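Right, one structure below, let's go through it.
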Amino acid sequence: MKNINKSLILLIVALSFGGCNDEEFLTAEYYQGVVDVNFLTSPAHAKPAVTGVYDVMSYKGTNWDKMILGSSGADDVVEQHGDANWASLIAIDQYRWVPEEQGDPKHIWKYWQAYYAGIQRANLVLEKLPDLEGLNETLKKRYIAEVKALRAYYYYNLVIAYGDVPLILNSMGYEDAINIIRSPEADVWAQIITDLNEANVDLPDSYESPEDAGRVTKGMTNALLNQVYLWQKSWAKAEEFAKKVIDSPAGYELEANYADLFNGVSQNSKEAIFFGMRAAGAEVQSIWSDYIDETNYVVLWGPFASWSWFYQPDTNFVRHNTYIDPNDIRIDTVTYDVDHELYDLNNDGDPTNDPIWKAPPGNIHLMKWIPVNTDLSTGIIWSGGYGDINQMMIRLSEVYLDYAEALVQQGRAAEALTYINRIRERAQASDITTTDKNQLLDIILMERKVEFCFEGKRFFDLKRVGRLQEFLGPLGWKDHMVNYPIPQEEIDLTQMEQNPGY
């Protein structure tokens, strides 16, 4: 990437615009200085501007790095291989977390820079869009609501990873940027709640047009509010917002087949509450096209890294986890165990005759986000061309478990069992019957590990419930690693202080 994308302060300066007319709007180059007066001056600018706020979820700086921090930094993924390009994954796995980019792991600063890119874009749009003339007022309100919800989502991911972070709510010039300090977590959480509540007013429950698939809805804002209140241990509020999702007119429901959430069979599943659209090779119409070497392709990393030696499911989790019900299909349907395969990968009638390379030490490959019926027998699928599976950031099964946790914490364990067992029934696992509070909380935590395995949630789940040392301490995690380090370049260029221990 170009140098201007390597820090928050430089992002703030670089995300300003040189002069452009309507014809140049989608391909403009951007320069240091004040936001150009032509930015968002025509109704035609509104949609691509809002699309640009979504777009940061489409490149590796957000979803990919969140998976790395949340899973390689936890106990569901193990990294044992690496080269110049992938050594950073091993550094995360081995708890060699340093704030300097050149020392790896680079995913720590890429995660930071990407979410702040999204926040800066959101702030620019929120400053200009309210005064835009000629745009349908109902649509304008909805666009503003979408952008506020996205800003809240980006801040949510930052605060759970780093703790105190700069709370920036308007576009900034260089002089302002160098004086940035970190805001207390409480202030960031409060702003997230404000943005989500304000967004909720003007968002629909669902969209009629397929062209709007993937846009923010009330379901997303309610689900995220539920998660925010879980972090704050406000159990009644978490219950309230989870129930709004469960009872939503959008009619969310569990996908019948767990594997279909990831193999492309059910791209716009009724289980999806908030997801990133994926269409391999399809360009995004965004005002930030061509900016800082972004691909602007709606593709996740897909099998690009999963079908390889990197981002490999932990052998102890896949084969030796004594909690997992022997009938539970979830792990078997989203991993390929070279040594213990149970199904026919290349459809030749013999599950033992699939010529897939070994990937020591575990010989286990990740199958999530690989299209169904893809011929994997050659082992050659390193291209993003297969990355066309929508990635769900929030889905109904997560809200069920969130709701169950809030109920258990309020002494209503019997009610919680209904929602835990709905998920387990889909997985063909036996029902849970205990109503012991501590046992159920343990069960819910493990259900989250299995249901969302390899999706970048595990580290943050353990952090939220205060059990990082218990599960990750034996793997090398240290107490100061409750928060990831702030990228050192940010510390050097601003007035921010580093997290303790780094």
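Values quoted throughout were computed directly from the atomic coordinates according to the rules given, and no laboratory measurement underlies them. Remember, predicted model here, so these are calculated numbers, not experimental data. Counting neighbours? That spans all protein chains shown, and the Cβs are built from the backbone with ideal geometry, glycine included.
Each label point was placed 7 Å from the Cα along the Cα-to-Cβ direction; for GLN80 and GLU253 their separation is 4.3 nm.
Between ALA213 and ASN316, the modelled labels are 4.0 nm apart [label points 7 Å from Cα along Cα→Cβ]. Shape verdict for the range 394-481, please, from the Cα gyration tensor: rounded (a/c under 1.5), prolate (a/b greater than b/c) or oblate. Prolate, since a/c reaches 1.5 and a/b exceeds b/c. Checking the cross-link pairs LYS237/LYS449; LYS148/LYS463; LYS110/LYS449; LYS106/LYS140 against a 29 Å limit on the alpha carbon distance flags LYS106/LYS140 as lying beyond it. In this Cβ point-charge picture (+1 for Lys and Arg, -1 for Asp and Glu), the range 107-208 has a dipole of about 300 debye about its Cα centre.
Taking every alpha-carbon pair under 8 Å whose residues sit at least 6 apart, the range 394-481 reaches a relative contact order of 20 percent. With a Förster radius of 41 Å applied to the C-beta separation of VAL482 and ILE329, the computed FRET efficiency comes to 0.75.
In this label model, GLN428 and GLN469 are separated by 4.1 nm, measuring between points 7 Å along each Cα→Cβ vector. Its Cα centre serving as origin, the range 394-481 has a Cβ charge dipole (Lys and Arg +1, Asp and Glu -1) of approximately 220 debye. The length gained on full extension between ALA414 and ASN438, counted as 0.36 nm times the residue separation minus their Cα-Cα distance, comes to 7.3 nm.
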